[in-house]
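See structure below.
The values are calculated or read from the model by the stated rules, or taken from the named source; none is laboratory data. Bear in mind that the values here come from a model prediction, so they are computed numbers and not experimental data. With ideal geometry, Cβ positions are generated from the backbone for all residues, glycine too; neighbour counts draw on all protein chains shown. Surface accessibility is based on the protein's heavy atoms, side chains included, excluding ligands, DNA and RNA. Shrake-Rupley method; radii C 1.70, N 1.55, O 1.52, S 1.80 Å.
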Amino acid sequence: MNIPAQGRKADDILAELRDKAQGDTKWKQGRVFSLVYKVPGATGDAHDELLQRAHALYASTNLLNPMAFTSLKQMEREIIEMAGALFHHPAAVGTVTSGGTESILCAVAAYRDRARAKRPWILRPELVVPTTIHPAFDKAAHYFGVRLKKVPVGADFRADVKAMEKAIGWQTIGICASAPQYAHGVVDPIVELGALAQKKNLPLHVDACVGGYILPWLEQLGRPVPVWDFRVPGVTSISADLHKFAYAGKGASTLVWRSLDDMRYQIFVATDFPGGIYASPTMIGTRPGGPIAAAWATLQAFGVDGYKELARQAADAADRLRTGIRAIPGLTLVGKSDSTIVSYGCTTANAYALADRLEARGWTVDRQQRPASIHLTVTANHAAIVDDYLSDLRASLDELRANPALAKSGSAPMYGMAAKMPVRRLVARNVRKMIADMYKGATP
C-alpha cells in the first residue's frame, strides 16, 4: 500500500477505520478477558467519550519538556500523589509511563544503575524473582544485561521466601515480586519479602501492574487481601497500570517510588549532545500527553465511590465464574486467587482444545502452561456475560467429550507440544519465526 496521491476526506477515512475494526474481538461485549478493561453500560459509554475528549485535548502535546507543558507535569504529579495515597505513602514520587512493561523496564534499569553507584564491584548484576514474575522482567533483564535468578514458587503459586533468600548472592541487586502475579491471581508474601529485603539491604520492587488499582478497593470492600504496598517498610517501588483496573485509556501506567533517593537512578541524562542537554525519567523520549490527560480525567471521574463499585462488580463476576466452573465436572480452579483473576484447568479433556472450542464460539481465550490452563482477568464489564460464558464452557466441554479427535486439530497440538518441549530455545525460535512472519513486507 502506498500513501495516496491526494488526501482523502475525513468521513471516508473514519468509515474505513470502523470497517477495519469489524473483524476484531468483541471487547465491548466482554468477549475478551485481559487485553481491554471496559466500564459497562451507559456509564461506560459516557466514560469512553470522556477518554476520547480528554485525550484529544492533549493529543499533540509532549511531556519530553515539562517546562513547555507545565499542565502535563502537574497532571503527572497529581496522578502520582493519588497513587501514593492509595498505596499508603502520600510522600511517594514517580512517573507516568506508557504501560506496565515500560514501568518494569525503568525499575530494572534503575536498580541496575543503583547497584553500579553503590556496589561497583558487581559485574554481573542479578535480580532474585519467583518463576511467576511477569515476562516484562525477562525483557528488561535481556535489554539491560541483568540476570534473573528465578526461584520456584510453592504449591500455592506464591513466592517461596526461604528459597529466595537462599538464591541471594553477592551479585544480587534487588528482589522482585507480584501483587498479584498474572497467571493465577495470587499475591506474593510481600511482608516477608520486605523483611528479607531489609535484612539483606536490598531494594524490593512490587509488580502490581494488574492489582495496583483494584486490590486497595477490594480491601476496602472487606475482602481478604494480603498487605503488599508501602505499608511494608521494605518495599522500594511499585509498578501499577492505570489502563487496567483504573480504566484509563491505553497506554498509561505508574512507577511509584518510596523516595526521591530511590527514584533518581531512573533518570537518564546526556550532556554532550550538540542539540543541548537531554534528560528523561522514562524509557521513551517523546511522552504523549493524551494518555496522561485521559488517565488524570479518569481518576477524577470515578473517585473512590466509583472505583469501589467497579471493584465490587468485578469481584462478584469473578465469584460467579468460580462457582460455575467448580460445578462443571472435569474442570478445576488453579490457585487461590486474591484478586479477580480466575484460572482453571481441565482434568477430563485437553485444556488447549477446550480453548479452541471456546474461540469457535466467539471468545478470545488466554492459554497458560505449567499447568495447562485457561486464564480470565475479570472486570466489571464481565458481570453481564457470566452466564453466557459458563453455558458456552459447558457446551465446549461436552463437544470435546463427544469428539476427542478435536484435541488433534486447531491450536491444541501446537500449544501442547510447546508446553512439553524441554528445550525452550526451540520454542522461542518457533514463536519468533511466527511473529516475524506477521511483519513480512509485501511481495514485490
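Do we have any residue at all in the stretch 176-189 that's without any contact (Cβ under 8 Å) to a residue 60 or more places away in the chain, open to solvent by 10 Å² or more (accessible area, probe 1.4 Å) and either of a type outside the set (Gly, Ala, Ser) or within 15 Å of ILE133 (Cβ to Cβ) (or both)? Yes, there is a match, as at least one residue in the stretch 176-189 is without any contact (Cβ under 8 Å) to a residue 60 or more places away in the chain, open to solvent by 10 Å² or more (accessible area, probe 1.4 Å) and either of a type outside the set (Gly, Ala, Ser) or within 15 Å of ILE133 (Cβ to Cβ) (or both).
In the set GLY222, GLY212, only one residue is at pLDDT 95 or above, among the small types (Gly, Ala, Ser) and either open to solvent by less than 20 Å² (accessible area, probe 1.4 Å) or in contact with a Lys or Arg (Cβ under 9 Å, 6 or more places away or on another chain) (or both); that residue is GLY212.
For the stretch 76-102, enumerate the residues that are in contact with a Lys or Arg (Cβ under 7 Å, 6 or more places away or on another chain) and either aliphatic (A, V, I, L, M) or open to solvent by 60 Å² or more (accessible area, probe 1.4 Å) (or both). Once the filter is applied, which keeps residues that are in contact with a Lys or Arg (Cβ under 7 Å, 6 or more places away or on another chain) and either aliphatic (A, V, I, L, M) or open to solvent by 60 Å² or more (accessible area, probe 1.4 Å) (or both), the stretch 76-102 yields HIS88, ALA92.
Every condition in (1) assigned to a loop (DSSP other than H, G, I, E, B); (2) in contact with a Pro (Cβ under 8 Å, 6 or more places away or on another chain) is met by ASP262 except one, and the failing one is (1).
Conditions tested, residue by residue: (1) at pLDDT 95 or above; (2) more than 28 Å from GLN220 (Cα to Cα); (3) of a type in the set (A, V, I, L, M).
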| position | (1), (2), (3) |
| --- | --- |
| ALA56 | yes, yes, yes |
| ALA109 | yes, yes, yes |
| ARG112 | yes, yes, no |
| THR132 | yes, no, no |
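Table: residues versus (1) within 30 Å of ASN62 (Cβ to Cβ); (2) assigned to a loop (DSSP other than H, G, I, E, B).
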{"residue": "ALA110", "(1), (2)": "yes, no"}
{"residue": "LEU148", "(1), (2)": "no, no"}
{"residue": "GLY174", "(1), (2)": "no, no"}
{"residue": "HIS184", "(1), (2)": "no, yes"}
{"residue": "GLU192", "(1), (2)": "no, no"}
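Apart from one condition, GLY303 fits all of (1) surrounded by 11 or more Cβ atoms within 10 Å (Cβ to Cβ); (2) assigned to a helix (DSSP H, G or I); the exception is (1).
Figure legend. Inter-residue proximity from the stretch 130-154: first residues buried (at least 17 other Cβ atoms within 10 Å of the Cβ), second residues aromatic (Phe, Trp, Tyr), beta-carbon distance below 7 Å, spacing 6+ or different chains. Indicated pairs: THR132/PHE157; HIS134/TYR182; LEU148/PHE137. In the set (1) under 20 Å from ALA183 (Cβ atoms); (2) part of a helix (DSSP H, G or I); (3) at pLDDT 95 or above, SER339 fails one condition alone, (2).
Quick one: in the stretch 1-35, which of the residues that are of a type in the set (S, T, N, Q) and part of a helix (DSSP H, G or I) is nearest to TYR182 (Cα to Cα)?
In the first step, residues of the stretch 1-35 are kept if they are of a type in the set (S, T, N, Q); the result is 2, 6, 22, 25, 29, 34.
Those still in the list that are part of a helix (DSSP H, G or I) too: 22, 29.
On the way: GLN22: 29, GLN29: 23 Å.
Here the residue is GLN29.
Which one of LYS73, LYS28, LYS38, LYS20 is exposed (fewer than 10 other Cβ atoms within 10 Å of the Cβ) and either free of Cβ contacts under 8 Å to residues at least 40 places away in the same chain or closer than 30 Å to ASP392 by Cα (or both)? Can you show your working first?
Details: LYS73 fails: exposed (fewer than 10 other Cβ atoms within 10 Å of the Cβ); LYS28 fails: exposed (fewer than 10 other Cβ atoms within 10 Å of the Cβ); LYS38 fails: exposed (fewer than 10 other Cβ atoms within 10 Å of the Cβ).
Answer to the selection: LYS20.
Name every residue in the stretch 50-78 that is within 27 Å of ILE277 (Cα to Cα), aliphatic (A, V, I, L, M) and either assigned to a helix (DSSP H, G or I) or under 25 Å from the mean Cα position of the chain (by Cα) (or both), in order of residue number. Give the derivation first.
Initially, the stretch 50-78 is screened for residues within 27 Å of ILE277 (Cα to Cα), giving 58-78.
If we keep only those that are aliphatic (A, V, I, L, M) too, we end up with 59, 63-64, 67-68, 72, 75.
Passing the criteria: ALA59, LEU63, LEU64, LEU72, MET75.
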